[in-house]
Amino acid sequence: MSVAIVYLSGKGWVAERAAELSGLITDDVTLINLKDRSAGQVDLLAFDRVVILGAVRMGRFPGKLKRYCFKNEALLLKKKISFAYACLEEDEGKKNAYLLSAFPPSLVKGAFAKVWIGGRIRLSDYGWIQQKMLAPLVKDDVIEKKLSENIEVLAGMINEKL
Ligand SMILES: Cc1cc2nc3c(=O)[nH]c(=O)nc-3n(C[C@H](O)[C@H](O)[C@H](O)COP(=O)(O)O)c2cc1C
């Protein structure tokens, strides 16, 4: 059984979590970084399970990740899929709305897991305009909530072939 983790990271936190998840999965894992030009050439047919991983910015997931899911919807529907997503919002309703407004509803409803992994905003990752905007939210230059336990639960589900 092989697993693909398709991810898109803005400032690296999601990429770190993709590596963390991949390290916990006992089967073969392929990391598909949508920032790589070659990502579109990886054939999803080769995988039994696909994890979609991305972060919310201004209430939205990145267009590139959304387009990838719409383009591959039919193929993904034949796989066991799960979503892992980064955001700092705590409200369950809002988090669900982020997913449902971004991805094909068939995929969101059919996913065997939708796992919140927390998020990080580090002011030094951003230019001064964004830093000014983010400063009221971020004490001590960084805010981080890393839900490793949720990443472990997802890896466990994948390993147990649930
Ligand atoms: C400009 C900006 C906007 C964000 N907007 C939201 C948001 O609307 N809702 C939310 O829950 N988290 C929001 N976040 C938190 C991100 O989801 C979090 O920083 C995530 O870890 C970013 O991952 P990355 O380092 O891979 O880009 C925002 C972060 C930034 C920097």
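Read the figures in this text as sums done on the coordinates, not as results from a lab. Remember, predicted model here, so these are calculated numbers, not experimental data. Cβ atoms come from the backbone with ideal geometry, glycine included; neighbour counts cover every protein chain shown.
Among the residues making up the stretch 1-20, those that are more than 15 Å from the ligand (Cβ to nearest atom) and buried (at least 17 other Cβ atoms within 10 Å of the Cβ) are 3, 4.
Scanning the stretch 37-72 for residues that are buried (at least 21 other Cβ atoms within 10 Å of the Cβ), within 15 Å of the ligand (Cβ to nearest atom) and in a loop (DSSP other than H, G, I, E, B) gives a single hit, 61.
When residue 76 is tested against (1) under 27 Å from residue 125 (Cβ atoms); (2) free of Cβ contacts under 8 Å to residues at least 40 places away in the same chain, exactly one condition is not met: (1). Restricting attention to the stretch 103-162, the residues that are among the β-branched types (Val, Ile, Thr) and closer than 19 Å to residue 22 by Cβ total 5.
Against the test of being within 16 Å of the ligand (Cβ to nearest atom), in contact with a Leu (Cβ under 9 Å, 6 or more places away or on another chain), farther than 29 Å from residue 26 by Cα and not basic (Lys, Arg), the options 121, 117 yield a single qualifying residue, 121. Restricting attention to the stretch 126-145, the residues that are assigned to a helix (DSSP H, G or I), of a type outside the set (A, V, I, L, M, F, W, C) and surrounded by 14 or more Cβ atoms within 10 Å (Cβ to Cβ) total 1.
From the set of residues in the stretch 21-30 that are over 12 Å from the mean Cα position of the chain (by Cα) and of a type outside the set (S, T, N, Q), which is surrounded by the most Cβ atoms within 10 Å (Cβ to Cβ)? Outline the logic, then answer.
Within the stretch 21-30, the first condition is being over 12 Å from the mean Cα position of the chain (by Cα), and the residues that meet it are 22-30.
Pick out the ones that are also of a type outside the set (S, T, N, Q) and you get 23-25, 27-29.
Details: 23: 10, 24: 15, 25: 19, 27: 13, 28: 12, 29: 21.
Among them, the one singled out is 29.
Among residues of the stretch 93-112 that are surrounded by 16 or more Cβ atoms within 10 Å (Cβ to Cβ), those with a Cβ under 6 angstrom from a residue that is among the aliphatic types (A, V, I, L, M) and in a loop (DSSP other than H, G, I, E, B), sequence gap 6+ or separate chain, pair up as 98/56.
Whether a residue is in contact (Cβ under 8 Å) with a residue 40 or more places away in the chain, surrounded by 12 or more Cβ atoms within 10 Å (Cβ to Cβ), β-branched (Val, Ile, Thr) and within 26 Å of residue 36 (Cβ to Cβ) was assessed, and residue 81 does not pass this test.
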